[in-house]
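The values are calculated or read from the model by the stated rules, or taken from the named source; none is laboratory data. Being a predicted model, the structure only gives us computed values, none of them experimental. In this analysis, Cβ positions are derived from the backbone assuming ideal geometry, glycine residues included, and neighbour counts consider all displayed protein chains. In case anyone asks, the SASA skips ligands and DNA or RNA and just uses the protein heavy atoms, side chains included. Shrake-Rupley method; radii C 1.70, N 1.55, O 1.52, S 1.80 Å.
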Amino acid sequence: MATLGIDLCDAGFQAAVADQETARPLPVDDAQGSGEWPGFAYFDGQKYAFGRAAEDNWFVHPRRIAHTFWTRLAHEPSTIGPIGKAAAFSELAFHFFSDFTRRARAATPADKVVLAVPGAYLKDPATEEEKIGLLLGMAGELQLPLAGIVDGACATLCDPRAGGFNPALPVVLVDLHLEGADITLLRAEEHLERRDFIHLPQSGSAQLLKNFTAAMGNRFLRHTAFDILEDGRIEQLFFRQTKEFVLNGAPEHRFQINTAKRTYEMLAKRDQLTADAQGFVATLVQGLQSFLHHSPHASEPCTIALTDRAAIVPGLEERLRTAGFHRILKLAAAAAACGAARLGESRHEPAADLADVPVETAVPVALARRTAAAPWEAHLQKLRTAGAPRLQPTHAVLDGIGQPITSGARFTIGLGSLGADLALPAAFEIADDCSIPLTREGGRLWFVDHAARASATTVARTPVEAGDRIMVQCGGAAAEILFAHCNGVGGGRAHD
C-alpha cells in the first residue's frame, strides 16, 4: 500500500502518492472530469457544487458563491445556503474535503494519509487548536488513516522531484492561496524547520485573476467594441480563457467570444499580462522585503523558493532578481502533496487515535531536498610576452561568444542564477556560490584568487589584460574565459 499526500491550498487542492523513495502527483477528477479543485462552493437554491463546477459560476451568480471557507475555516456562517440557514464555513469545507478525498482514494488505494496545511493554520496556538481540531474532526468522520499534518512549506521542500537548496542559507518559500500569499522562512539544521511566517492579504490568486480579466476585458472592448460585462455568462467564459492563458505559459492567446450574430476575437500577448501584474507583483515583493527586514531569522543571501502557483505570476521572477534575489528555486506542481506523501511513507503506521496525530512545523532534514555546494576554483593565466604593456580588455570571451566589459566598478563571472555579467555553463550550478568578481581600480581590472581571498586578510591582486585567460573548474565542469581587446570599442594600454 502507498501513502496519500494532500495539499490543502484553496488556490487548487492537489494530491500525490508515495511508495518507498518515489512520489508522484495523483490526478483527481471531479464529476465533470476536471482535475482542477479551487476552493469554491456554489449553492443553486437546492444543492451545492464545489471546485471547478462552482468556480464556473463565479461571474454568473456571484452572490451564490463562497471562496473564503478554507481561509476562514470555523463554525461561523458563510454567505450561501438555504434561506435562513446559511452553511457554516466548516460545513462547506467538510463537503469539499469529503468529495476530494473520496475521489483521491478511489484513484489509488492508500493505507496512510498526510495533510499539508496552509502556514496560517499554524500561526499561533489558538488558531492551530481551532483549525487543526476541525480538520481532525473531518478526518475522523471520513475515517481517513491519518499519519500526520505538516506545515505546507516544510512539505514542499521535501518533494523528491525538487532541485536542491543550500542548507547553509535560509530558504524563503512564497506560495499563493485564493485570498493571500504565504511567506515562510525555513532553516535546515538538525531539522528543516519553519522559523518565521507571514500572510499577505489581498495578494492571492483570486484577486490577480479578477484583475487580469478586467484588464483584458477592457482591451477586448477597445479592440472589438464588444463589452463582456453585458452578460455574466460571457464574462465567465472570458475569465476561463484568461485563467487558461495565465496557467499555460504560452506567449500569446487568442480570445474568442461567439454570439448569435458574429464572432469577436482579440490576440493578446504575455507581455500584456506582465504589465497588468506590475502592481500585484510590486506589492508582493515589497511584502517579502519587509518580512526579511524585520525577521530575526533572516540573513543574506537566501534562497527564494516559488511554488508553481507563485512561479506563474507574470513578471514575479524578474522583479525578484531586480530586487537582488538571485537564488531562486522554482518548484513543480503538487510539490507540497508529494512532500507530504513522502513524509508519510517514512512512517510505519497511521495514528491509532486522532489525538496522537503529529502536527509538525519541522521535519527530518534527511527528507529535505538539500544540496551541498560543490567546491570550485578559478585561476588567472597571464599571457607571457615581452615588450610594452598590453591593452586593456574590452570583452570576455566564453565558448566563442564575447561579452562586453562595462566601465563599471565590477565585472562578475559566475552563475547566471547569481546575476553574473558573464554566466558560466549550466554544469557549474552545482557549485551554488561560484562568483568571480573582477574589480576596476586605477583604470585597470584586477583579479584576486578565490582561495587566497578566503584564507588571508590582505592578498595580492593581479591585473587582467588582453590575452589573459581565467580557468574555472568545478568537478568535471571546466571553462576558459579569454580576455580580448576590440579596436574601436574603448580602453587603452595598461599602465603601471
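Before moving on, here are some points about what is shown:
- Test: residue in segment 24-40 that is β-branched (Val, Ile, Thr), within 24 Å of the chain's Cα centre (by Cα) and within 17 Å of Ser205 (Cα to Cα): no
- Taken together, the residues in segment 100-116 that are in a strand (DSSP E or B), touching a strand residue (DSSP E or B) at 6+ places or on another chain (Cβ under 6 Å) and of a type outside the set (A, V, I, L, M, F, W, C) amount to 1.
- Residue within segment 180-190 that is open to solvent by 20 Å² or more (accessible area, probe 1.4 Å) and part of a strand (DSSP E or B) present: yes
- Hits in segment 1-20 (condition: at pLDDT below 95 and out of contact with any helix residue (DSSP H, G or I) (no Cβ under 8 Å at 6 or more places or on another chain)): Met1
- Residues in segment 330-361 that are farther than 18 Å from Arg309 by Cβ and among the basic types (Lys, Arg) were compared, and the one that is least open to solvent (accessible area, probe 1.4 Å) is Arg342.
- The C-beta contact set for segment 133-150 (first residue over 14 Å from Asp356 (Cα atoms) and modelled with pLDDT of 95 or more, second residue surrounded by fewer than 21 Cβ atoms within 10 Å (Cβ to Cβ) and hydrophobic (A, V, I, L, M, F, W, C), distance under 6 angstrom, 6+ apart or interchain) comprises Met138/Phe94.
- Taking the criterion of being over 22 Å from Gln278 (Cα atoms), free of Cβ contacts under 8 Å to residues at least 40 places away in the same chain and either surrounded by 15 or more Cβ atoms within 10 Å (Cβ to Cβ) or basic (Lys, Arg) (or both), the only residue of segment 211-227 that qualifies is Phe226.
- The criterion of at least 2 residues that are at pLDDT 90 or above, open to solvent by 40 Å² or more (accessible area, probe 1.4 Å) and under 24 Å from His326 (Cα atoms) is met by the following strands (runs of 3 or more DSSP E) wholly inside segment 373-470: 401-404.
- Residue count, segment 140-179 (criterion: open to solvent by less than 10 Å² (accessible area, probe 1.4 Å), part of a strand (DSSP E or B) and not hydrophobic (A, V, I, L, M, F, W, C)): 2
- Cross-chain or 6+ apart pairs with Cβ under 9 Å, segment 264-288 first and touching a residue at least 60 places away in the same chain (Cβ under 8 Å), then among the hydroxyl-bearing types (Ser, Thr, Tyr): Leu273/Thr242; Phe280/Ser203; Thr283/Ser203; Leu284/Ser203; Gly287/Ser203
- A count restricted to segment 323-354 and to residues that are in contact with a helix residue (DSSP H, G or I) (Cβ under 9 Å, 6 or more places away or on another chain), assigned to a loop (DSSP other than H, G, I, E, B) and closer than 27 Å to Leu136 by Cβ stands at 3.
- Once segment 239-256 is narrowed to residues that are in contact with a helix residue (DSSP H, G or I) (Cβ under 7 Å, 6 or more places away or on another chain) and in contact (Cβ under 8 Å) with a residue 40 or more places away in the chain, the residue that is nearest to His61 (Cα to Cα) is Phe239.
- Selection status of Ala106, open to solvent by 20 Å² or more (accessible area, probe 1.4 Å), farther than 18 Å from Asp19 by Cα and among the aliphatic types (A, V, I, L, M): no
Results for (1) in contact (Cβ under 8 Å) with a residue 24 or more places away in the chain; (2) surrounded by fewer than 24 Cβ atoms within 10 Å (Cβ to Cβ); (3) over 25 Å from Lys210 (Cβ atoms), shown as yes or no for each residue.
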position	(1), (2), (3)
Met1	yes, yes, yes
Cys9	yes, no, no
Gly12	yes, yes, no
Trp37	yes, no, no
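- Taking the listed residues Phe43, Phe50, Phe59, Phe89, the one that is closer than 21 Å to Ala126 by Cβ, buried (at least 21 other Cβ atoms within 10 Å of the Cβ) and not aliphatic (A, V, I, L, M) is Phe89, with no other qualifying.
- Annotation for segment 248-264: no member residue is closer than 30 Å to Ala323 by Cα and open to solvent by less than 20 Å² (accessible area, probe 1.4 Å).
- Residue match in segment 8-28 (condition: among the polar types (S, T, N, Q), part of a strand (DSSP E or B) and farther than 20 Å from Gly180 by Cα): yes
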